[in-house]
Amino acid sequence: MDTNDDIAFKIASKEDSLTILNFIKGIAEYEKLSNEVKATKEDIEYALFTRNIGKAILLLKENKPIGFALYLYNFSTFTGKCGIHLEDFFIYEKYRHNGYGKRLFKEVIKIAKKEGCPRLEWTCLKWNTPSMKFYDTMLGKKMDEWVTYRLTIDNYDEALKK
């Protein structure tokens, strides 16, 4: 646990699965997508702590979780190295605009640097201008030449028939 005044960072453990799920629900509510959250505490436990597909960092203020970052490793064939894909980044609204998000984001950067990851990437909804402004201040570069595609489980069978 890294501490600085009343802020601490903690790599999440299995016991934090419900906390992580609550942050995911908070993101979904912010993005007006609450109806799309199907994950359960057990899903989070299995994915992060049994399969080890990613990691989460909790941001604690006075030992209370106020934000989190959840990241996965990806692989760049061009660099020949793993990078970090920041899947979720969230601070509860009442704690925003106090520098906590910047501190949490810098913690993710430190992990990428320490682990020798040449790339740290994430996505952001086009309408989410507050987040885009934040990422701009953190020197994030918009990758406008790339388009994100998604195929969901609802379409797998149909796509297999093509």
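Here, each number is a calculation from the coordinates, and none is a lab measurement. Please read these numbers as outputs of a predicted model, since none were measured by experiment. When we count neighbours, we look across all protein chains shown, and the Cβ atoms used for this are built from the backbone with ideal geometry, even at glycine.
A few remarks follow.
- Cross-linked pairs Lys126/Lys162; Lys94/Lys133; Lys32/Lys162; Lys141/Lys161; Lys10/Lys113: Cα-Cα separations exceed 29 Å for Lys126/Lys162; Lys32/Lys162; Lys141/Lys161.
- A Cα-only calculation for region 105-162 places Rg and Dmax at 16.2, 45 Å.
- Virtual spin-label span in nm between Cys124 and Asn74, 7 Å along Cα→Cβ: 1.6
- Percent of alpha-carbon pairs separated by more than 16 Å within region 1-74: 51
- Between His85, Gly99, Leu120, the Cα set farthest toward the positive side of the dipole of region 10-162 (charges on each charged residue's Cβ, about the Cα centre) is that of Gly99.
- R0 of 22 Å, Cβ-Cβ distance Leu139-Glu29: FRET efficiency to nearest 0.05: 0.15
- Backbone N under 14 Å from the Glu36 label point (7 Å along Cα→Cβ), restricted to region 131-162: 148-154
- Simple point charges give the picture: +1 on the Cβ of Lys and Arg, -1 on the Cβ of Asp and Glu, and for region 2-160 a dipole about the Cα centre of about 640 debye.
- Expected-Rg normalisation [2.2 N^0.38 Å, Cα atoms] applied to the chain: 1.09
- Least to most buried among Ser17, Ser34 (fewest other Cβ within 10 Å first): Ser34, Ser17
- In the chain, the DSSP-assigned H stretches of four residues or longer account for a calculated mean residue ellipticity at 222 nm of -8500 deg cm²/dmol, using -39500 (n - 2.57) per stretch and the full residue count as denominator.
- In loop segments of region 62-149 as defined by DSSP, the GluC sites (Glu not before Pro) with at most 10 further C-beta atoms inside 10 Å of their C-beta are Glu62, Glu145.
- Candidates Asp16, Asp144, Asp88, ranked by Gaussian network fluctuation over the chain, Cα under 10 Å, top entry: Asp144
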